[in-house]
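Below you'll find the structure, written out as structure tokens, and then a few comments.
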Amino acid sequence: MANQLPASSWIWKEGEFIAWEDATVHLLSMAVQFGTSIFEGIRCYSTPRGPAIFRLKDHLRRLFDSCTIYRMPPGFSPEELRKACHDTVRKNDHQSCYIRPMVLRGFGSASMHPGASPIETFVATWDWGNYLGEDALKDGVDVCVSSWNRAHPNTFPQAAKSAGHYNNAQLIKMEAVENGYVEGIALGPGGLVSEGSGQNVFLVRDGVVITPFLDGTSLSGITRDCVLTIATELGFPVREQLVPRESLYTADELFFTGTASEVTPIRSVDRVQIGEGAGGPITLAIQERYLGIVKGELEDPYGWLSYVESDGEG
Ligand code: PMP
């Protein structure tokens, strides 16, 4: 099965390290029964100065925002979890990895008021290549517009990265894969482009880099923010706007952004070829700068890297 997780040795649980295989939760925990779990997806890259975690503080801020929205205060401060991420990378001897902090409701009550169920905090890590496939960064991916929509903003709060929301993501992804595509792009409840199952989406038209507004139907991606910054720095005008479905088909270039997917070109949508059918020049210029910064090969003018060796200092 593609993308199967390669186990690492240790998982951080509530301030201690436990063996990977011991990181179990009860069948009747709120997290298992009802998807009551907040999580983040963060990358640590191998750099010339050793492993470095990308935009760690921003990911932890989103984690704490998600916890606030779902009234699940973790028993640890952002600083403690920042240190836990560094410690877990070090303990598992990773040069590069994916980092998954999770705050979940354990076993306690079955009430829809989960207050009686304890909150447990974990940090897991594993080695992971590009989520959309080894060649995706170079060759681009074939995608479809999903028949599933993203939720109405007042159904699921999309600023929260909550496990339950990802049932929708699984429907989008499974349908796409079963129909021979790598990924699906979902529309929002208003019929306009929202995002992929686990990525934000960008298009390029006449040299302008365009992405849908954060309209409450999509996640506020940290890679999305990086791309808006990098595109501006490279001198491309950027625009956040309403994106009708048909503008996907007529775009000069299209690409996904995400921590796991990085900056992945889209070469077709619903079998309509985009541009030359591979990464376009603006996509590739942004991708090159993004990957150069995350891997520490280019200067990091924004202070996005947090070096594991120095515990994030300097
Ligand atoms: N949208 C969804 C639904 C996601 O799961 C992700 C991945 N976290 C993204 C967008 C991209 O967010 P980021 O760039 O912060 O990884």
Quarter of Cα convex hull surface for the chain, i.e. mean projection, nm²: 15.4
Length gained when the stretch VAL272-THR232 is fully extended (0.36 nm per residue, less Cα-Cα span): 11.6 nm
Pairs beyond 18 Å (Cα-Cα), from LYS161/LYS295; LYS138/LYS173; LYS13/LYS295; LYS13/LYS91: LYS161/LYS295; LYS138/LYS173; LYS13/LYS295
Among THR257, VAL238, PRO153 - extreme Cα towards positive end, dipole of the chain, charges at beta-carbon: PRO153
Backbone N within region 187-226 under 11 Å of label point (7 Å from TYR302 Cα along the Cβ vector): 222-226
Dipole magnitude of the chain, debye to nearest 20 (Cβ charges: Lys/Arg +1, Asp/Glu -1, about Cα centre): 660
Surface per residue (accessible, 1.4 Å probe) for region 1-93, Å²: 53
Table column - 3J(HN,Hα) (Hz), region 83-95, Karplus curve with 6.51, -1.76, 1.60, x for Gly and Pro: 5, 4, 5, 4, 5, 5, 4, 5, 4, 8, 6, 7, 8
Positive minus negative residues near VAL209 (Lys, Arg vs Asp, Glu; Cβ under 12 Å): -2
Under-5 Å amide H pairs with GLY312, H placed in peptide plane, nonlocal only: TYR307
More than 23 angstrom apart: percent of Cα pairs within region 188-272: 13
Apportionment of accessible area to carbon and sulfur, the chain, percent (1.4 Å): 52
Where labels lie 7 Å past Cα in the beta-carbon direction, separation of LYS295 and GLN241 in nm: 3.4
Amide proton proximity set for SER261, modelled H, under 5 Å, gap of 5+: TYR131
Relative packing of 278-286, 225-233, which averages over residues the other C-beta atoms within 10 Å, highest first: 278-286, 225-233
Net +/- balance of residues flanking HIS59 in space, Cβ distance below 12 Å, scoring K and R +1, D and E -1: +4
Protection proxy ranking of 7-20, 170-183, 115-128 - average other beta-carbon atoms within 10 Å, highest first: 115-128, 170-183, 7-20
Helical mean residue ellipticity (222 nm; -39500 (n - 2.57) per DSSP H run of 4+; nearest 500) of the chain: -7500 deg cm²/dmol
Integer Hz, Karplus 6.51/-1.76/1.60 couplings in order for region 44-59, x for Gly and Pro: 10, 10, 6, 10, x, 9, x, x, 9, 8, 8, 6, 4, 5, 5, 5
Among ARG267, ARG150, ARG61, residue whose mean-square fluctuation peaks in a GNM of the chain (springs only between Cα atoms under 10 Å): ARG61
Projected label distance in nm at HIS152 and HIS26, using a 7 Å step from Cα toward the beta-carbon: 3.5
Mean Cβ neighbour count within 10 Å, used as a protection proxy, ranking 235-242, 185-192, 49-56 highest first: 49-56, 185-192, 235-242
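The values are calculated or read from the model by the stated rules, or taken from the named source; none is laboratory data. Just so we're clear, the structure is a prediction, and the values are computed from it rather than from any experiment. All Cβ positions, even for glycine, are placed from backbone atoms using ideal geometry, and neighbour counts span all protein chains on display. Just the protein is used for accessible areas: all its heavy atoms, side chains included, with ligands, DNA and RNA removed. Shrake-Rupley method; radii C 1.70, N 1.55, O 1.52, S 1.80 Å.
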